[in-house]
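The values are calculated or read from the model by the stated rules, or taken from the named source; none is laboratory data. Just so it is clear, the structure is predicted and the values come from calculations on it, not from any experiment. In this analysis, Cβ positions are derived from the backbone assuming ideal geometry, glycine residues included, and neighbour counts consider all displayed protein chains.
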């Protein structure tokens, strides 16, 4: 069966993935009208990953940090959005296999991003909680809240500690932000919600394999984020690896055993899998090797951008960092080059312009490395807030996130502490997912 | 095992259910400090049922219309909230059996509310969508959006219509409000989101067994709501019953067959089931018969309030309507009587004061029956908005709902059209629910 998209006389660009890269590219191409644009994603929304941790910490609602794809393309002609799973690519036939049928392409852009990397440890993969989607962030929120409810009716001391303590693995931006936010909940929220528990006894651990936090940022930011977290009471373990987790206890390579039922896994990513991409094109971290024009090595008319793409340039001999900025800049460059292709012009190679990076640890505490300008503390925190507000899609999202932040800041109280369990389809019921 | 709640020298009132009645009662008792208060609910939040339909229609987020129970009882002493399932009551031993263990009570208040009534039709119970919780409202939202996505890739005309058309069963406030909201989405939202579909062909049916809509309200409101709905394009079928639904087609008693995969069931409620309540105390609609002091017939120290309670008074010889107002007034009366009991004073019998009822059909369209004053249209709609805003718990909820309403009103666009699928726990994973 073929996917139901009309054929036109324009060439068709199929984009897989509506993340930072895919969405940007689709918007640019839609505006230029040279191609028919088909955007495929398994969700009907774009997710703003930098704020997942605030959803997990009950500070924001998922709806504030995601944006309906259809809404982004209203009144755009020749753009077709399909919510579907892409099962495989067949470069020889210029076709994609999707759960909605076969989809032909003239040009294919893989913007499929990265998945959580458990480094082959299947036990940890099964038991730890990743945070690479809003669904996972919501799941984490529910887990934390249900475990505190359970702790109330647990009289055994050790068992109760296991329900209350949390181990965060990975000292990158996600790990730092999550553990900072947890430490603030411990301080400001849990004592009010659970007066029956001794919330002083909650321990938040942050475990990082390298000898510093935020390894992708400056030494100064690493040092300062460690100081911020330590002041908030987070137990930071550097040069430490989690070797095992059985759902009850976490074991590290230096022999420590931490009793904790929740392990938040933010230790690394690997390129998302796509059936049909030749293994010869795959490189370190399961990324797809592309040239400076984002063309996938060894394939015709197939491109890759964003976290999934591995591109070497002079300043980045080991590939670019897997961050939103790279994805968006590659999207802009590829949109230009597809226009150039259409008009028979020469292509321009991609070159990454680093705009800096930031991480927030808590109220009035953030670190920022901007080009030629490093700073930490309350000002960095304010800048962080406004940069993220500015980047998020949709005026309503901006307004509602801003109000939520002001509210949480003034009241010291994230108010979305709701364990909303999905209604599970009953047996025999018409299936929702196709 | 016993539930982990300290014994004090105060008598313990256990309240089952944190709905309008249970929450109100718990708040009143907490303030008076004469009793230890234990509030049991299977969710950690109170739900504001009158706005479920707006969650289903993507107009509001669940978080705006629910409120964390713990937050409502902050700084209250001798109040214990437990998120648990109550499995049975043992009136002979003055105990409850819960999923967290045995819970003793001195006084028990059942405020367990009502469930959807499918009138014994198991097929419909399995396939139709009820709307008695935020989880169900979210499920409905996801179903509507996924079906429209599916319709895009369905080339068969009949099958596509089945995905697009919706049948609402029951012409009470919920049915009227849902079908009105669906008709507005058809008019303002779907054409922009799904330009590929012919949204003129969407049919919304409202099926009601009686000869008028809103049977609990005045003739005038019934007539006007029918007029509003008809103008919005809703196909209203009065004096009609749904006799069968197989997941594809709806059959009615006058021989009509409607091809529709979504049936929203708002046709009636019945008292929630509670193991251990003697069948002799149960009456019509599975309600529990109580006297004017809310005492359950034939049981010592057991009370029932709200939708589950069946109380006859002069003006209401067939029991009170199952609405929030009755539950809250009964809660206040019972709180007073428990105080009276504590002080050895005489009890006062309950008497319902009807404050009127309202239903909204759409933008600027509502009907209101206030005591001695009936009106319809834009003014009723404004009153409806403010009454509901006023009743919802929490300042933040009020602010956010108000802003959402203003936003949706100005833009003609509910913006929460996101199919956020729950992350299903992986096999072998630590179970979330206790």
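Could you please give the count of residues in the stretch A:296-332 that are in a loop (DSSP other than H, G, I, E, B) and over 22 Å from residue A:115 (Cα atoms)?
Residues in the stretch A:296-332 being in a loop (DSSP other than H, G, I, E, B) and over 22 Å from residue A:115 (Cα atoms): 7 in total.
So which of B:22, B:18 is over 30 Å from residue A:44 (Cα atoms), in a loop (DSSP other than H, G, I, E, B) and at pLDDT 95 or above?
Unique residue meeting the criteria: B:18.
Scan the stretch A:183-221 for residues that are in contact (Cβ under 8 Å) with a residue 60 or more places away in the chain and either crowded, with 19+ Cβ neighbours inside 10 Å or part of a helix (DSSP H, G or I) (or both) and jot them down.
Those that are in contact (Cβ under 8 Å) with a residue 60 or more places away in the chain and either crowded, with 19+ Cβ neighbours inside 10 Å or part of a helix (DSSP H, G or I) (or both): A:183, A:184, A:185, A:188, A:189, A:192, A:193, A:214, A:217, A:220, A:221.
Determine whether residue B:331 is at pLDDT 95 or above, buried (at least 21 other Cβ atoms within 10 Å of the Cβ), in contact with a strand residue (DSSP E or B) (Cβ under 8 Å, 6 or more places away or on another chain) and not assigned by TED's automatic domain parsing to the domain that holds residue B:371.
For residue B:331, the condition - at pLDDT 95 or above, buried (at least 21 other Cβ atoms within 10 Å of the Cβ), in contact with a strand residue (DSSP E or B) (Cβ under 8 Å, 6 or more places away or on another chain) and not assigned by TED's automatic domain parsing to the domain that holds residue B:371 - is not met.
Could you say whether any residue in the stretch A:246-255 is surrounded by 15 or more Cβ atoms within 10 Å (Cβ to Cβ) and part of a loop (DSSP other than H, G, I, E, B)?
Yes; the residues of the stretch A:246-255 include at least one that is surrounded by 15 or more Cβ atoms within 10 Å (Cβ to Cβ) and part of a loop (DSSP other than H, G, I, E, B).
Collect the residues in the stretch A:256-288 that are on the phi > 0 side of the Ramachandran plot and assigned to a loop (DSSP other than H, G, I, E, B), keeping them in residue-number order.
A:268, A:276
Scanning for something at pLDDT 95 or above, within 23 Å of residue A:211 (Cβ to Cβ) and out of contact with any helix residue (DSSP H, G or I) (no Cβ under 8 Å at 6 or more places or on another chain), does the stretch A:262-280 turn up at least one residue?
No, that holds for no residue.
So which residues in the stretch A:144-178 are within 28 Å of residue A:410 (Cβ to Cβ) and without any contact (Cβ under 8 Å) to a residue 60 or more places away in the chain, if there are any at all?
Hits for the stretch A:144-178 are A:148, A:164.
From the list B:302, B:296, B:332, which one is more than 22 Å from residue B:92 (Cβ to Cβ) and in contact (Cβ under 8 Å) with a residue 12 or more places away in the chain?
B:332
Confirm whether residue A:368 is loosely packed, with under 15 Cβ neighbours inside 10 Å and not assigned by TED's automatic domain parsing to the domain that holds residue A:104.
no
Among (1) in the same structural domain as residue B:130 (by TED's automatic domain parsing); (2) without any contact (Cβ under 8 Å) to a residue 60 or more places away in the chain; (3) surrounded by fewer than 18 Cβ atoms within 10 Å (Cβ to Cβ); (4) under 24 Å from the mean Cα position of the chain (by Cα), where does residue B:239 come up short?
Evaluating residue B:239 over (1) in the same structural domain as residue B:130 (by TED's automatic domain parsing); (2) without any contact (Cβ under 8 Å) to a residue 60 or more places away in the chain; (3) surrounded by fewer than 18 Cβ atoms within 10 Å (Cβ to Cβ); (4) under 24 Å from the mean Cα position of the chain (by Cα) leaves (4) as the failure.
Among the residues of the stretch A:222-245, how many are part of a loop (DSSP other than H, G, I, E, B) and closer than 15 Å to residue A:265 by Cα?
Of the residues in that region, 2 qualify.
When you go through B:10, B:2 one by one, which is the residue that is modelled with pLDDT under 95 and either closer than 30 Å to residue B:401 by Cβ or surrounded by fewer than 23 Cβ atoms within 10 Å (Cβ to Cβ) (or both)?
After ruling out the rest, the residue left standing is B:2.
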